[in-house]
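The values are calculated or read from the model by the stated rules, or taken from the named source; none is laboratory data. On a predicted model such as this, the values are computed, not experimentally measured, just so you know. All Cβ positions, even for glycine, are placed from backbone atoms using ideal geometry, and neighbour counts span all protein chains on display.
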Amino acid sequence: MSSKDWLEKDFYAVLGVGKSASADEIKKAYRKLARENHPDHNPGNTDAEERFKAASEAYDVLSDDKKRKEYDEMRSLFGSGAFRRGARAGGGAQFDPSDLFGGFSGAGAGGGAGDRRFGGAGFSDIFSSIFSGGGAGGGPRRGPQRGRDVEAEVTLDFAHAVQGTTLPLTLRSPGVCDVCHGNGAKPGTVPRTCPQCHGSGLISRNQGSFSFSEPCRECQGAGSIVEQKCPECRGTGGVTKNRTINVRFPAGVADGQRIRLSGRGEPGERGGPAGDLYVQVRVRPDDLFGRVGDDITMTVPITFAEAVLGTDLRVPTLDGSVTLRVPPGTPSGRKLRARGKGVQRRDGQTGDLLVTVEVQVPTGVSDEARDALERFAKLTPNAERGRIDARLRRG
Ligand SMILES: [Zn+2]
Ligand SMILES: [Zn+2]
């Protein structure tokens, strides 16, 4: 989460609690929202999903005393207009809130960030280190943090989507180094506590009436110093990992559907829970079959004679074939239904196979067939056409 998010988002409003709400009130408010908007209870409801995420984000900050304090301080600092009154900085420059936003959004008016310095560090550097803990140098250590959600897209064959399938999905994501277990130190050595900040990762600085914390230079905010780096991760504690997980796609999954796999996203940090994996499903269209909800559709050609006389029609299904009775006198375009031959969901709900018959008109016929057809035409006056002709004569 960026500092700008913190400036813009009112986490108290998101949870519907007052600024002075107790930890208990915050927890209750969060649990209620999480229950009401949980994706499992609101499948496909993106509004609920957004509310769920917003509540989690707000709770993540407000449930952590340290984070909540920083958030409150930042919002009151900015809201009070302290910067607008022209707090004097080390170099004598005046700060303007627009500089702050410029630094965050990357749309700053004229790249002033570099020369507006605050105690030697770029202003946005200080801000990001104070407020997000996610500065480039690795912010100060904090409590458990939930892993990030991961998005993936998978294209399924038509039949797989209808019948359900399990596919391996390979994800590349940052993970904890297995060799050093994330502390960045060569096996057999341990990082030592930073003598400068005594392990907190933060150094306090006083500037006029403000007191700021900034990441310790000695340890880059880590709180500890690695003397001999782990050869696997070169001291970063993290490596890029390929993870292969088997994703189960339920029977009847549809194009555009999003499947959520709880806890299959990126691993959490410092004991935090893993994020979620969201798989966006695409379904490859099929030459023969189409789909409307749980019904499978197809169009089958029949001859004129079959339409008139009726026939038993053998049509393919995804897993075999089925015989349908075409009754005598079936018009082109009629839909025949094979019950239960559509999508068969695990919950017992089943769709049908809907077969649309299309009467074919032959383009070339033998002389004998033509004679027969002419005889047929004489014997079967077109009653329908006769009715239309009668109306035309009346009009
Ligand atoms: Zn390592
Ligand atoms: Zn330090």
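Quick check, is Gly221 within 16 Å of ligand 1 (Cβ to nearest atom), farther than 30 Å from Gly293 by Cα, buried (at least 17 other Cβ atoms within 10 Å of the Cβ) and at pLDDT below 85? No: the conditions fail for Gly221. Selection over the stretch 163-180 of residues that are charged (D, E, K, R) and either within 13 Å of ligand 1 (Cβ to nearest atom) or modelled with pLDDT of 85 or more (or both) gives a count of 1. In the stretch 314-328 there is at least one residue that is under 26 Å from Val154 (Cβ atoms) and touching a residue at least 60 places away in the same chain (Cβ under 8 Å). Only residues that are at pLDDT 95 or above and either over 42 Å from the mean Cα position of the chain (by Cα) or not in a strand (DSSP E or B) (or both): list them for the stretch 333-346, please. Correct list: Gly333, Arg334. Candidates are the residues of the stretch 213-268 that are free of Cβ contacts under 8 Å to residues at least 60 places away in the same chain and on the phi > 0 side of the Ramachandran plot; the one that is farthest from ligand 2 (Cβ to nearest atom) is Gly256. Just to be sure, is Lys28 farther than 23 Å from Asp149 by Cβ and surrounded by fewer than 13 Cβ atoms within 10 Å (Cβ to Cβ)? Against the criterion (farther than 23 Å from Asp149 by Cβ and surrounded by fewer than 13 Cβ atoms within 10 Å (Cβ to Cβ)), Lys28 does not qualify. Selection within the stretch 223-242: residues that are in a strand (DSSP E or B) and among the aliphatic types (A, V, I, L, M). The member of this set that is nearest to Gly199 (Cα to Cα) is Ile225. Selection of the stretch 178-193 for residues being free of Cβ contacts under 8 Å to residues at least 40 places away in the same chain, within 15 Å of ligand 2 (Cβ to nearest atom) and in a loop (DSSP other than H, G, I, E, B) yields only Pro191. Taking the listed residues Asn206, Asn183, the one that is in contact with a strand residue (DSSP E or B) (Cβ under 9 Å, 6 or more places away or on another chain), among the polar types (S, T, N, Q) and at pLDDT below 80 is Asn206, with no other qualifying.
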